Amino acid sequence: MGMLPLGSRQSVLVSYVDSCIKFYVQLSDNIDKLNAVMDAVKAHCENSSSPGELPVGAACCARFPDDDNWYRAIVRDMKGNRVV
């Protein structure tokens, strides 16, 4: 996790808010690069078949229901035929 130097000023976009003291930002200078990566992940995930059963601890991509985007994920548990 990158930290900005104390007292520095940067143009940022808030990408996620967990609470008023825990939130995530993206540097505005990196937004085009981030969008290109997100577009590539989306294209790959939507054009690939399901990998089948994944073991706990496996890295994968998962669609986040709040914004319908694909993100990096790790399989934490299996609940029946659902991956958690």
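Each value in this text was obtained by applying a stated rule to the coordinates, not by laboratory testing. The structure presented is a predicted model; accordingly, all values stated were derived computationally and were not measured. Here the Cβ positions follow ideal geometry from the backbone for every residue, glycine too, while neighbour counts run over all protein chains shown.
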Relative contact order in percent for segment 29-84 (Cα pairs under 8 Å, 6+ apart) equals 26 percent
Match the structure shown to one of the listed values [x] 3, 16, 29, 28, 16, 6, 1; [y] 3, 10, 16, 20, 18, 13, 11, 5, 2, 1; [z] 3, 13, 18, 22, 22, 14, 7, 1 of P(r) over Cα pairs in 5 Å bins from 0, in percent, computed from it, and give that label. [y]
Which value, in debye to the nearest 20, gives the size of the charge dipole of the chain about its Cα centre, when Lys and Arg are +1 and Asp and Glu are -1 at the Cβ? 240 debye
Which residue, A43, V75, L27, has the largest displacement toward the positive end of the dipole of the chain when charges sit on each Cβ (Lys, Arg +1; Asp, Glu -1)? V75
Lys and Arg at +1, Asp and Glu at -1: neighbours of E46 with Cβ under 12 Å from its Cβ sum to 0
Calculated from backbone phi, Karplus (6.51, -1.76, 1.60) coupling profile of segment 10-15 in Hz, x at Gly/Pro: 9, 7, 9, 10, 6, 9
What is the order of S28, S50, fewest Cβ neighbours within 10 Å to most? S50, S28
Which distance in Å, rounded to a whole number, links the C-alpha centroids of segment 19-84 and segment 2-17? 22 Å
Angle between the Cα long axis of helix 31-46 and the longest principal axis of the chain, 0 to 90 degrees, nearest 10? 10 degrees
Selection from V14, G52, G2 lying farthest towards where the dipole of the chain points positive, charges on Cβ: G2
For M3, M78, what's the fewest-to-most ordering of other Cβ within 10 Å of each Cβ? M3, M78
Using only helices, what value at 222 nm comes out for the chain when you add -39,500 (n - 2.57) per DSSP H run of length 4 or more and divide by the total residues, to the nearest 500 deg cm²/dmol? -6500 deg cm²/dmol
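How much length is gained on full extension from D66 to C45, taking 0.36 nm per residue of separation minus their Cα-Cα distance? It would help to have the intermediate numbers written out before the result.
Numbers: separation 21, 0.36 × 21 = 7.56 nm, distance 1.73 nm.
Extending this stretch completely gives an extra 5.8 nm.
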